[in-house]
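To keep things clear, I will list the structure first and then write my remarks on it.
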Amino acid sequence: MSRSSVDPRARRSRAAALAAAAELLTEDGPEGVTHAAVAKRAGVGRATVYRHWPEVESLLLDTLADAARPLLTLDDGPVREQLVGYLTQQAEWLNQPVSAAVIASVIDRAERDEGVRRIREEMFGRTDEHVVEVLAAAVARGEFRPGIEDNVRELVARILGPLLFRRFMFGVPLDDDVVVRTVDAALAPWAPKD
């Protein structure tokens, strides 16, 4: 068992360092996340930061993993209501400056770093198989026409793509109405025919 999982002081210093690293990532990008800068911002010794993360890349990776969150999850309830509720909560995070820094860093670094690629999968769609099952159950309940479960990636792109583009390319904060309109537009082609 590692010392940081037992010693409450080590857990606190680790949490403080990750919070400081997320702030630095937001302010200065990945280049701002250094051992010295994190130690100063967190109010801990540089040796403490080095003890948790001997390499700056591992510090950045843990910062991204700690700050990132899955952008889409579903359970067995009505799909539209879940999407609207979950994405409305996600919009709050996406409207914060840290989300832009995290998403930009993940997208950039995932092309050449396996650890960051795993974070990208967690954020953007590692749940494909589960979502297929949820959508198949929704088809069986009559929420959607058959075939939606075979087009999960397209559906996710039609939901997340406009939200992320609006937020990060146009710089427009997301609100509840935008989320509802985006979800409804993505689901409309799969509505049951009367």
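What the table below lists for this structure:
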quantity	calculated
Pairwise Cα inverse-distance average, inverted: Kirkwood Rh of the range 1-113 (Å)	15.4 Å
Tail weight of P(r) past 23 Å, computed on alpha-carbon pairs of the chain, percent	51 percent
Computed [θ] at 222 nm, helices only, for the chain once each DSSP H run of length n ≥ 4 contributes -39500 (n - 2.57)	-21000 deg cm²/dmol
Fraction in percent of alpha-carbon pairs per bin - 10 Å, the range 136-192	24, 46, 24, 7
Cα-based equivalent ellipsoid, the range 62-103: semi-axes from gyration tensor eigenvalues, Å	23, 12, 5
In order through the range 38-45: 3J(HN,Hα) via Karplus (6.51 cos²θ - 1.76 cosθ + 1.60), integer Hz, x for Gly, Pro	5, 4, 4, 5, 7, x, 10, x
P(r), alpha carbons of the range 3-67 - 10 Å bins starting at zero, rounded %	25, 61, 13, 1
Stokes-Einstein diffusion coefficient of the range 79-190, Kirkwood radius over Cα pairs, 10 °C, 1.306 mPa s, in µm²/s	106 µm²/s
Residues MET123, MET169, sorted so that the one with the fewest Cβ neighbours within 10 Å comes first	MET169, MET123
Cβ-based net charge around ALA91, under 14 Å, with every Lys or Arg adding one and every Asp or Glu removing one	0
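Taken together, the values in this text are just the output of simple stated rules run on the coordinates, not laboratory data. Predicted model only: the values in this text are computed from it and were never measured. For neighbour counting, all protein chains shown are included, and Cβ atoms are generated from backbone atoms with ideal geometry for every residue, glycine included.
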